[in-house]
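As structure tokens, the structure follows; a few thoughts come after it.
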Amino acid sequence: MSATVVILHQSLPQDAAPDDKDVLIQASSVADALEHLGYRAVIEPFELDIAGFSSRLSLLDPVCVFNLVESLDNDGRLIHLACSILDHLGVPYTGANAEAMFLTSNKVLAKRWMLLAGIPTPEWVVRGTAPECGLPVPAKYIVTPLWEEASIGLDQGSVQEAADMAGLMDLLENRSLMLGRKCFAERFIDGREFNLSMLARSDGAEVLPPAEIVF
């Protein structure tokens, strides 16, 4: 009998947006590749019903989980929970571990860690807190959700000119109310955007070829 690999993705509502439904295409592609390699591939949604999920996973008894979970209950703050549950159950999985998922899904927390490592990052501010670095005004700022990943919450109105600090706070408040999510503002850096993916290996990290993002 072939070994089982569970392909895990976030549960999607019936009216999910097309970019959210992309994960189903990814899951199907991964399943095809795994079956071609001789594995039994099972696609499973991850939901807040942790007890039910744990029972289903126990019955499937996978050798590992291919993790495609990007949020939980439509909330990016819970993206690390799938990894935490799999750690608790002792099931190996692909991708970053729970600690890395948490540290990198909160954008401001990730920026703080980058600064500690000597990696420059644009100045930022979270509404209701004092700026942790000097904020130039007037300047262009991009306002994005604090927790959501990739392009969630981005549109043509995300980048705007702030004439002064009061204007920047107004911009931050308005975008947060419009998106229904806590946001932060950081100085906008114009130019091309690239993703750099790394694979952890016993002898260090392997940097994969860069991928350019074109919105």
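The values are calculated or read from the model by the stated rules, or taken from the named source; none is laboratory data. The structure presented is a predicted model; accordingly, all values stated were derived computationally and were not measured. Here Cβ is always computed from backbone atoms with ideal geometry, including for glycine, and neighbour counts include all displayed protein chains. The accessibility values were calculated without ligands, DNA or RNA, using every heavy atom of the protein model including side chains. Shrake-Rupley method; radii C 1.70, N 1.55, O 1.52, S 1.80 Å.
I'd like the full set of residues that are of a type in the set (D, E) and either assigned to a helix (DSSP H, G or I) or within 19 Å of H9 (Cβ to Cβ) (or both), limited to the range 77-127. D87, E99, listed by residue number. Checked against the criterion of being in contact with a Cys (Cβ under 9 Å, 6 or more places away or on another chain) and crowded, with 17+ Cβ neighbours inside 10 Å, the range 5-16 contains one or more residues that satisfy it. Of everything in the range 56-75 that is among the β-branched types (V, I, T) and more than 13 Å from S11 (Cα to Cα), the residue that is most open to solvent (accessible area, probe 1.4 Å) is V63.
When only residues in the range 203-215 that are part of a strand (DSSP E or B) and modelled with pLDDT of 90 or more count, which is least open to solvent (accessible area, probe 1.4 Å)? Looking at residues that are part of a strand (DSSP E or B) and modelled with pLDDT of 90 or more, I get G204. Within the range 51-69, residues that are within 23 Å of S105 (Cβ to Cβ) and modelled with pLDDT under 95 reach no partner that is of a type in the set (K, R) and open to solvent by 30 Å² or more (accessible area, probe 1.4 Å) with beta carbons closer than 7 Å at six or more positions or on different chains. Could you run through the range 78-95 and say how many residues are touching a Ser or Thr at 6+ places or on another chain (Cβ under 8 Å) and farther than 27 Å from R181 by Cβ? Result for the range 78-95: 1. The single condition from (1) under 19 Å from the mean Cα position of the chain (by Cα); (2) on the phi < 0 side of the Ramachandran plot; (3) open to solvent by 50 Å² or more (accessible area, probe 1.4 Å) that K111 fails is (3). Filtering the range 148-157 for residues that are open to solvent by less than 60 Å² (accessible area, probe 1.4 Å), outside any strand (DSSP E or B), at pLDDT 90 or above and within 18 Å of K182 (Cα to Cα) leaves an empty set. The set of residues in the range 171-202 that are part of a loop (DSSP other than H, G, I, E, B) and either open to solvent by less than 80 Å² (accessible area, probe 1.4 Å) or over 23 Å from I213 (Cβ atoms) (or both) comprises G180, R181, K182, F188, G191, S197, S202.
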